[in-house]
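In what follows, a single structure is set out as C-alpha cells and then discussed.
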Amino acid sequence: MAINQAAILDTLTQLHDGAAAVTTSGAGQVSAAAKVIDVGEGLYVKGEVVIDISAIALTTDELYTMHIQGSSDADFGTAANIRDLAKYDLGAGEVLFNGQAGEDVGAANERHIFLFTNQLGDTVYQYLRLYITTAGAAESITFKAWMTKID
C-alpha cells in the first residue's frame, strides 16, 4: 500500500535544488550557491526534511548521509560552531547493515522524510543548512531537499 507523503516545496526553505549530481561531500546548494536558512534569533523550530531523489548510484559501498546542521554563524565559517542536529542515511544495504545482507535505502523517484529540531542541549541554532556526506566507489545522487515546519 502506498503512503501519501504530500509536502509542498517552498523555495524559501529549499535546502538543495538538484541541479547537478552530488558526487563529493558538501553543503546543499540552490542556484549553485551554498544554502543557509535563517529561522530567526532564539526561535525554536521543529520540522521535517523532505528529500526527493531523482537518481542515485547504489552498487555495493555507496553511502549518502544527509545532515541538518545548525550554527550561530550565518556563513557557517567557524567549524567549532557547527553542530549536527539530525541525520539520515541513504545507501547500499551492505554499508547500512555493516556488511550484512540488507535492502538498499533510496531509489530514483523515491521520497524520504526525516525529523529535526534546531535545538541541541540548551542551544537553539538560528542558521540551518543541509550537508551531504558521500562515500563509496561510485557515489552520485541527484535530489531536491527542503524543510517544512511542524506546529
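I want to confirm something. Restricting to segment 125-135 and keeping residues that are aromatic (Phe, Trp, Tyr) and over 15 Å from Thr65 (Cβ atoms), which single residue is surrounded by the most Cβ atoms within 10 Å (Cβ to Cβ)?
Checking each candidate, the answer is Tyr125.
Could you tell me whether segment 97-105 includes any residue that is closer than 24 Å to Gly47 by Cβ and either part of a loop (DSSP other than H, G, I, E, B) or in contact with a strand residue (DSSP E or B) (Cβ under 8 Å, 6 or more places away or on another chain) (or both)?
yes
I want to confirm something. Restricting to segment 90-124 and keeping residues that are surrounded by 15 or more Cβ atoms within 10 Å (Cβ to Cβ) and in contact with a helix residue (DSSP H, G or I) (Cβ under 9 Å, 6 or more places away or on another chain), which single residue is modelled with the lowest pLDDT?
Asp104
Would you be able to tell me the number of residues in segment 83-96 that are outside any helix (DSSP H, G or I) and out of contact with any Ser or Thr (no Cβ under 6 Å at 6 or more places or on another chain)?
Result for segment 83-96: 7.
If I filter segment 121-129 for residues that are of a type in the set (D, E, K, R), without any contact (Cβ under 8 Å) to a residue 24 or more places away in the chain and under 30 Å from Gly42 (Cα atoms), do I get at least one hit?
From segment 121-129, those of a type in the set (D, E, K, R) are 122, 129; that's our starting set.
Add one more test, that the residue is without any contact (Cβ under 8 Å) to a residue 24 or more places away in the chain, and what stays is 122.
Imposing the further condition that a residue be under 30 Å from Gly42 (Cα atoms) reduces the set to 122.
Scanning segment 121-129, I find at least one residue that is of a type in the set (D, E, K, R), without any contact (Cβ under 8 Å) to a residue 24 or more places away in the chain and under 30 Å from Gly42 (Cα atoms), so the answer is yes.
Go through segment 105-130 and report how many residues are aliphatic (A, V, I, L, M) and touching a Lys or Arg at 6+ places or on another chain (Cβ under 8 Å).
Here the count works out to 3.
Residues that are part of a strand (DSSP E or B), loosely packed, with under 14 Cβ neighbours inside 10 Å and either on the phi > 0 side of the Ramachandran plot or of a type in the set (A, V, I, L, M, F, W, C) (or both): does segment 136-150 have at least one? Step through it out loud before you land on a result.
The first filter runs over segment 136-150 and keeps only residues part of a strand (DSSP E or B), leaving 141-149.
In the following step, the residues that additionally are loosely packed, with under 14 Cβ neighbours inside 10 Å were identified as 149.
This time we only want the ones that are either on the phi > 0 side of the Ramachandran plot or of a type in the set (A, V, I, L, M, F, W, C) (or both), so: none.
No.
The values are calculated or read from the model by the stated rules, or taken from the named source; none is laboratory data. Keep in mind that this is a model prediction, so the values were computed, not measured. Don't worry about glycine lacking a Cβ; one is built from the backbone with ideal geometry, like all the others, and counts go over all protein chains shown.
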